[in-house]
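In what follows, a structure is listed as structure tokens, so that the remarks can point back to it.
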Amino acid sequence: MAADASTVGSSASSSGGFAPFLVDSLFQRSLDDMIKALRSAPGGESSLIHRLLAEIRREIRSTDSDTKFLALQKLTYLSSLYFLDMSWAAFHALELLPSSVPAFKRTAYLSASLSFHPSSTDLLPLATHQIRKDLQSPNPSLSSPALHLLALSSSPDLALHLSNDLLSLLSSPRAAVHVRCRAVITSLPVLRLTPDSARTFLPKLVEALSPSSPLLSAAAGIFCELVCSGDPRPYLPLAPDFHQVLLECRNNWILIKILKIFARLILLEPRLKRKLVDPICELMRRSPAKSLVFECLRVVFCSFPDEETAFQLAVEKVKEFIAADDDPNLRFLGLHALAMLQPGQSWAVEENREAIVKSLADPDPNIRHEALRLIMNMVFENNVVEISSLLINYALRSDPEFSNEILDAILVTCSRNFYELVLDFDWYVSLLAEMVRNPHFMKGEEVERQLIDIGMRVKEARSELIRVARVLLIDPALLENQFLHRVLSAAAWISGEYIQFSRNPLEIVEALLQPRTSLLPSPVRAVYIQAVFKIVTFCFNFFVNAGVLSDSKCNIDENTGAESEDSSDVTTFKMESLELKKLLTSKSIIHILNLIVTALVPLSECNEVEVQERACNVLGLVLLLNGIEWKTDDVDWRIDGKIREIVTIMSSAFSEELGPVSMHAQKRVLVPEGLELKENLSDLDEILRNNDVPSSLSISFSSRIHSHNEDKEESEPATESTSLLAEHRKQHELYYLPTDKDESGSNEHPRENDVTNAVSSEKTTNDLLKLTDQSLVSRLTKPAKPRPTVVKLDEGVDLPSSSSKYVREPTGDLLSGAVRDVLFYGDETSPTIQNTLSENYTQRKANETSTISNVDSLLKDSSSPREREIGSSSSRKNKHHSQGKERNRNTRKNETKEEKGNRSSARSSHHHGKHKLKQRVESGDPSLAKAPQTQAIQDFLL
Amino acid sequence: MGIRFVLLVNKQGQTRLAQYYEYLTLEERRALEGEIVRKCLARNEQQCSFVEHRNYKIVYRRYASLFFLVGVDNDENELAILEFIHLLVETMDRHFGNVCELDIMFHLEKAHFMLEEMVMNGCIVETSKSNILSPIQLMDKGF
């Protein structure tokens, strides 16, 4: 075609025109030439395109329409494939629209529909006249490109000016069917742009919904679009028509659309289910088309959880899908369908457990992802240990990406809602440590967050945390892996904060100062050095006090913050303190101090201020300690030397426990008098609310929050800082952590957990399968020991959780408002008049109560005759037809009925379900007229 | 709901046909096509034909050296779209006779017209091959 055009061009151009245009058209590149040139210059395409564009710019201005056409054709080609802007050529496309040569016109329309858009094309109104002319043409090859342009590039003005022409095309019996079909589709963008035209368009569109209409496919398409993209409520009165199509239509494309429409409508009118169950089951049984079966599955899983036969059938079909070994598409969709199930039907997931676990090894990452999601949905308190351990082992053998996906899933699931699934924190902490050993590990930030979070929230986990931190810190190999740096930072912080649980603090100091720490980024190094500071303080305090109070009650309790009420706890501490005492001799401490000096002196000149400052702090402490006499074995210095004073001050700086900060702490602070917060800032409200970052992770090292043991502290000779804190606490009790909560938890020391090692040698999926044999089942086993207390703040306050989806009420947009007016009230009555008849309105509402209760009682009576319904589909057909026509009359009939005062106060259960909506109606939103809607559909439901 | 865009891309990732049913700026299109092509072309035969990308679901299928990629809304029926892709390919096959990348390159307009006959504003209107092709045949005769 392009070659033809170029010869036409050269012959036509000889007949006249200016010399430059003559040259242009004689030597103009044809489209084929251009494509060949582009193909032969794959490297230098951009320079070639530049040249081509320059040519086109010149050619397109030609007065010769052949030259212009060819230029436009080339430009359209380049623009659609090489992302070139062609809005500058809009006028030239418009110039060619009226051409009498069909090829020119087609190209002009194609070019326009590919590039025009109201936002970028100012010249769009210029096309109005030509489009109208072409719409009116009896020739389909003219009207259908015009419809395309109207559908894709229309502006509100254009839609308004052309809506009448579109309507006459839509309803004209003379126009070709496929043009009318296109007109039906085009009416959707026109309706959206001009909602007022709903009044004239909708009756025609509803007419096209009949099963015998040739326009049915297009009508089903646009109603599906309307129902699914906006407020579905106005379309409820059309349920009988949709139902009719569902029963009679044999076209799978149309049936899929109708099922999608019903999926939305059922949410509004649950009683529709009764009408739909049988046809849908029939489709699932009979239809060979997987696409249609899948759509049925979707409707059943999402909307019919309580219809047993349908549900069983759907579950069977899903099994077939998942078992399709040769078709990854069906396997994916099968898993996808299972993920739609609500928690109540998890048995259906359970039935497919084997296949789901196998899918973890599928070659397709998308399928693996779905399988993982399903498995994580099946995790409960009693199987979390097994499933997580299995998955972690499985992650070792997966590819890096999926491996991290698994780890992420475990981290998210286990930490959900303050670790509600975790009963045994020792297990969980060692699980986190095990995760880190995965060669593909990349979840450093999350593991860091959780380690610190658990440290602060769960007292019982601290000794295990210290053990894990020690293992991580001591291994020099881990320092190389940049993904682990964040985890190491958490380990260092934990080792500093909870050092009292350590058996060998000196070993940890050595680990923190090992030469390879130079591989760490400076923020992590700063944490390391700070941890050294805290550990040295602890050791020295212990060393000084242990000599004095060796036989009486250990004084460390005061400093460690551990409770002394539990006797077993005290004995373990005594044992540990004996060990520690042996460890912390003046000799070993001197050794450590020397080590610190060697390691940190170079850092006191570090470029990074954080590192430098902390290094200097530690060095200062060492200098201070070295300046005082304590190295002799003489006891005197321990009792009243200067050293004791220093040690007390130093350790009191770190003695208060850090706790989690409430997410709402800031909000509870009273606004000081005289501080205007809201003036002129009310606009920011919205923004601030959206950016409300959960602050529970933020740890402030400077302001230490005193959380418990308050009485004890006060009876002790309190240092300045603690007494100040106590005073502060008295004043602002509200913002402190609750004291009782911490102490109410059981202090029983959790046992060592060895579950994680049990399955470490598994190699294949089959083994994984065997092991999950029981684990996915939700068994009710009693936990071996009580769950430790997890400090939660703001209980009872709604926390933004990821699992709870924010369901948005469909807002009544202009179009659905217009549609509601047409479908509920009929064309002849204006909605404004309706609304003014408020008296009438309230009366009708009262009547509605009675009619609904009638409907309900009838529904109850006819609970059995489903078989009858199937048999008499032909008689029902007639009934529906008449109903469709009489809908308006019905409405009016009901209105007259209500004047007779047919009132009843009976409230049905259905009515109760609609309570919310009714409230909205009552609260002064008359446009949400529910009454006519129910009336229109009630006969259908009978 | 409905089809948002149809892309034909070769093995090298070059776009051979692009039809959008919703407005995107050229920059958005360039970015979108780049991302989608990278995602889909990396997948192999044993993997399923559905990829989620941004707020779209991409349903794609490979025929010889050409990838047919269709972007749809998230709740569109994936299998129906696969059937649509197959229908598109069959239609092109019938017209061009064993369609290949070159046919589409050199007859881009015609490919667009075929697509226009099948899809209108993201909605499938015609599924009969002979109905789709009869206007195209008329065009070939010069009408």
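The values are calculated or read from the model by the stated rules, or taken from the named source; none is laboratory data. The structure displayed is predicted, hence computed values, not measured ones. Methodologically, a virtual Cβ is constructed for each residue, glycine included, from the backbone with ideal geometry; neighbour enumeration extends over all protein chains shown.
Can you say whether A:Leu313 is in a helix (DSSP H, G or I) and within 13 Å of chain B (Cβ to nearest Cβ), as far as the supplied structure shows? Against the criterion (in a helix (DSSP H, G or I) and within 13 Å of chain B (Cβ to nearest Cβ)), A:Leu313 does not qualify. Restricting attention to the range A:366-393 and to residues that are acidic (Asp, Glu) and touching a residue at least 40 places away in the same chain (Cβ under 8 Å), the residue that is nearest to A:Val436 (Cα to Cα) turns out to be A:Glu386.
In the range A:133-146 there is at least one residue matching the filter, namely being among the charged types (D, E, K, R) and more than 11 Å from chain B (Cβ to nearest Cβ). All of A:Thr128, A:Thr121 fail the test of being out of contact with any strand residue (DSSP E or B) (no Cβ under 6 Å at 6 or more places or on another chain), more than 10 Å from chain B (Cβ to nearest Cβ) and not in a helix (DSSP H, G or I), apart from A:Thr121.
Rundown of residues vs (1) within 22 Å of A:Leu276 (Cβ to Cβ); (2) assigned to a helix (DSSP H, G or I); (3) of a type in the set (Asp, Glu); (4) not assigned by TED's automatic domain parsing to the domain that holds A:Asp157, yes/no style:
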{"residue": "A:His178", "(1), (2), (3), (4)": "no, yes, no, no"}
{"residue": "A:Leu188", "(1), (2), (3), (4)": "no, yes, no, no"}
{"residue": "A:Pro203", "(1), (2), (3), (4)": "no, yes, no, yes"}
{"residue": "A:Val206", "(1), (2), (3), (4)": "yes, yes, no, yes"}
{"residue": "A:Gly221", "(1), (2), (3), (4)": "yes, yes, no, yes"}
{"residue": "A:Glu225", "(1), (2), (3), (4)": "yes, yes, yes, yes"}
{"residue": "A:Leu255", "(1), (2), (3), (4)": "yes, yes, no, yes"}
{"residue": "A:Ile258", "(1), (2), (3), (4)": "yes, yes, no, yes"}
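Here A:Ala71 meets each of (1) over 44 Å from the mean Cα position of the chain (by Cα); (2) more than 21 Å from B:Lys110 (Cβ to Cβ) with one exception, condition (2). Answer yes or no as to whether A:Arg192 is in a helix (DSSP H, G or I), closer than 25 Å to A:Ser99 by Cβ, within 13 Å of another protein chain (Cβ to nearest Cβ) and not hydrophobic (A, V, I, L, M, F, W, C). No. Check the range B:104-114 and report whether any residue there is within 13 Å of another protein chain (Cβ to nearest Cβ), more than 23 Å from A:Leu149 (Cα to Cα) and either of a type in the set (Val, Ile, Thr) or not in a helix (DSSP H, G or I) (or both). Looking for residues that are within 13 Å of another protein chain (Cβ to nearest Cβ), more than 23 Å from A:Leu149 (Cα to Cα) and either of a type in the set (Val, Ile, Thr) or not in a helix (DSSP H, G or I) (or both), one finds none in the range B:104-114, hence no.
Which residue is modelled with the lowest pLDDT, if the candidates are limited to the range A:32-87 and must be in a loop (DSSP other than H, G, I, E, B) and within 11 Å of chain B (Cβ to nearest Cβ)? My answer is A:Pro42.
When you look at A:Ser111, is it under 22 Å from B:Val6 (Cα atoms) and at pLDDT 90 or above, yes or no? Judged against the criteria, A:Ser111 is a match. Considering only the range B:44-62, state which residues are closer than 19 Å to A:His336 by Cα and either of a type in the set (D, E, K, R) or within 10 Å of chain A (Cβ to nearest Cβ) (or both). Of everything in the range B:44-62, those that are closer than 19 Å to A:His336 by Cα and either of a type in the set (D, E, K, R) or within 10 Å of chain A (Cβ to nearest Cβ) (or both) turn out to be B:Gln46, B:Gln47, B:Cys48, B:Ser49, B:Phe50, B:Val51, B:Glu52, B:Arg54, B:Lys57, B:Val59.
Filter the range A:235-263 down to residues that are farther than 25 Å from A:Arg820 by Cβ and crowded, with 20+ Cβ neighbours inside 10 Å and give me whichever is farthest from the other protein chains (Cβ to nearest Cβ).
Within the range A:235-263, the match that is farthest from the other protein chains (Cβ to nearest Cβ) is A:Leu255.
The set of residues from the range A:318-330 being free of Cβ contacts under 8 Å to residues at least 40 places away in the same chain, touching a helix residue (DSSP H, G or I) at 6+ places or on another chain (Cβ under 6 Å) and part of a helix (DSSP H, G or I) comprises A:Val318, A:Phe321, A:Ile322. For the range B:63-102, the tally of residues that are assigned to a helix (DSSP H, G or I), out of contact with any Ser or Thr (no Cβ under 9 Å at 6 or more places or on another chain) and either among the hydrophobic types (A, V, I, L, M, F, W, C) or within 12 Å of chain A (Cβ to nearest Cβ) (or both) stands at 6. Looking across the range B:1-55, the residues that are of a type in the set (Lys, Arg) and more than 28 Å from A:Gly230 (Cβ to Cβ) come down to B:Lys11, B:Arg16, B:Arg30, B:Arg38, B:Lys39, B:Arg43. Among the residues of the range B:28-36, not a single one is at pLDDT below 90 and either within 12 Å of chain A (Cβ to nearest Cβ) or surrounded by fewer than 19 Cβ atoms within 10 Å (Cβ to Cβ) (or both).
With respect to A:Ser415, determine if the residue is part of a helix (DSSP H, G or I) and within 25 Å of A:Arg787 (Cβ to Cβ).
Details: part of a helix (DSSP H, G or I): yes; within 25 Å of A:Arg787 (Cβ to Cβ): yes.
Here the answer is yes, as A:Ser415 does meet what is asked.
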